[in-house]
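Right, one structure below, let's go through it.
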Amino acid sequence: MAKEKDVTTETEILNAAKRVFQQKGMDGARMQEIADEAGINKALLHYYFRSKQLLFEAVFKSLFFVLAPEINKILNDDSSIFDKIKNFTNNYISFVIKHPFLPNFIIQELNRNPEFITKLITNQYFPNIENFKNTVKKEINEGIIKPIKPEQLFINVLALNIFPFVSKPILKEFLKLNDKQYHQLLEDRKTEVADFIINSIKI
């Protein structure tokens, strides 16, 4: 029973932390806020997670292990490169709209804590792009898409999907959009990004 209670409490903490990080981001969130959201005292929160950084990493891992298998499935199924681009874009943007702090966290950790990212890369669920690359080469040979290095195409897909999330403050200012309008812009990009990339490579 004690072990079951520990698992339940930890899950409640992670769910509460997700909500607070969603609202405040990593820098704005406070451990006391997370404890209050989870309905526990701060001492108990520190018993499970000694610091906000460790808690944030735990939240990130829990979300990563939801997203990564889905992305892996898209990259490695038997669909066409056009369908891979459409499905990747739709799934990624939909997921990050719900958890917008994730891209900035990855960039932050790449600079501050590369060991954490290295551990993720070696995880069995980390996306593998070999099938994606093979599909690109196959469809080039079949005359379906223009010649392009698979790695460059994958970077283009990643960059166009990630950028609007990491640059939200400056883009909102440039484009003169409020939060509701910016959310709609992100929803629109589910098709805009895919269409743009597909039109650039199809013959």
Of everything in region 62-105 that's within 11 Å of the chain's Cα centre (by Cα) and of a type in the set (G, A, S), which residue is modelled with the highest pLDDT?
-> S94
On the given criteria, is E187 in a helix (DSSP H, G or I), within 16 Å of the chain's Cα centre (by Cα), surrounded by 15 or more Cβ atoms within 10 Å (Cβ to Cβ) and acidic (D, E)?
-> no
When residues of region 134-184 are filtered for being of a type in the set (D, E) and surrounded by 11 or more Cβ atoms within 10 Å (Cβ to Cβ), how many remain?
-> 2
Criterion (in the same structural domain as Q181 (by TED's automatic domain parsing) and surrounded by 14 or more Cβ atoms within 10 Å (Cβ to Cβ)) met by exactly one of K24, K73, K18, K86 | K86
Only one of (1) modelled with pLDDT under 95; (2) touching a Lys or Arg at 6+ places or on another chain (Cβ under 6 Å); (3) more than 21 Å from Q23 (Cβ to Cβ) does not apply to V59, and that is (3)
Looking at region 38-61, is at least one residue surrounded by fewer than 17 Cβ atoms within 10 Å (Cβ to Cβ) and under 17 Å from the mean Cα position of the chain (by Cα)?
-> yes
Output the number of residues of region 117-128 satisfying the condition of being surrounded by fewer than 16 Cβ atoms within 10 Å (Cβ to Cβ) and either in contact (Cβ under 8 Å) with a residue 24 or more places away in the chain or not in a helix (DSSP H, G or I) (or both).
-> 6
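The values are calculated or read from the model by the stated rules, or taken from the named source; none is laboratory data. No experiment lies behind these values; they were computed from the predicted model shown. Don't worry about glycine lacking a Cβ; one is built from the backbone with ideal geometry, like all the others, and counts go over all protein chains shown.
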